[in-house]
Amino acid sequence: MQALLQNLIFGIELGALYALIAIGYTMVYGVLRLINFAHGDVYMVGAYVGLTLVNRLGVGFASTLPGFSMIFVVTMIICGLLGVTIERFAYRPLRTAPRLTALITAIGVSLLLETVAQMIWGAQPSFYPTLLSAAPIRFLGLELNVNRLIILIASVILMAVLWYVVTRTRVGKAMRATSYDREAAALMGINTNAVIAFTFASAPRWPAPRACCFARSPTSRSFRRRASSPGSRHLLPRCSAASAISRARFSVDW
């Protein structure tokens, strides 16, 4: 029974990872009806940016709450700017082009990010240093790793903030209107280009700190094994399935 509960906790933590990435896929698909194949690679860039900041700032400072928070914020900003850049120069010129053209472009952007990542960080396996070495928390015979708890709590907070933005703010209402009917939203005075740019800034921004957490987690062996090929294509099938489920949910809410 304890083994079952232990695996259940691990599954919830890993599912939170897929949920955040799937939300990013869903946001872009909901607004543009485009499967953004580069989304997983932006997630990968976030993990490497976090690793670079840890190495530059030093493990001592990165282990503190201000240092770790700063890494989170900087990673979110960089991934958000990268998402806006991709939308402005790769997808916006193809807004009225056939879907196949945009799909091929998305694959090309994904390959471009992977190549640039290999040029910057190399193709050798990368490892996050140990930032938190606290002893595991034992509760009812279960062993709870501190890193996993941080990952789960951060994921819940980020998803709650995103839910509030989409459902309770003006820009969230504009996003839902653009998703429902882009032409009608433009006729109602909504700046659809700004809404789409905001979506591309938000979609990779939420999983960005999650990438840092996951890469430094003891369960991130997949990140370390696949660091020789920096792309995140191994996440695509699972996140696409999660995105399809969340899209069906959002289509009802929106």
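The ranking of TRP163, TRP121 from fewest to most other beta carbons within 10 Å of each one's beta carbon is TRP163, TRP121. Among the trypsin sites (Lys or Arg not before Pro) in region 76-162, those placed in a DSSP loop whose Cβ has at most 14 other Cβ atoms within 10 Å are ARG95. For LEU144, the residues whose modelled amide H falls within less than 5 Å of its own, excluding neighbours fewer than 5 places apart on the same chain, are ILE137, ARG138, PHE139. Mean projected area of the convex hull spanned by the Cα atoms of region 1-99, taken over all viewing directions: 8.8 nm². Ranked by how many other Cβ atoms sit within 10 Å of their own Cβ, fewest first, the residues SER155, SER63, SER69 fall in the order SER69, SER63, SER155.
Here, each number is a calculation from the coordinates, and none is a lab measurement. Only a predicted model underlies this, so the values are computations on that prediction, with no experimental measurement involved. Using ideal geometry, Cβ is built from the backbone for each residue, glycine included, and neighbour counts are taken over all protein chains shown.
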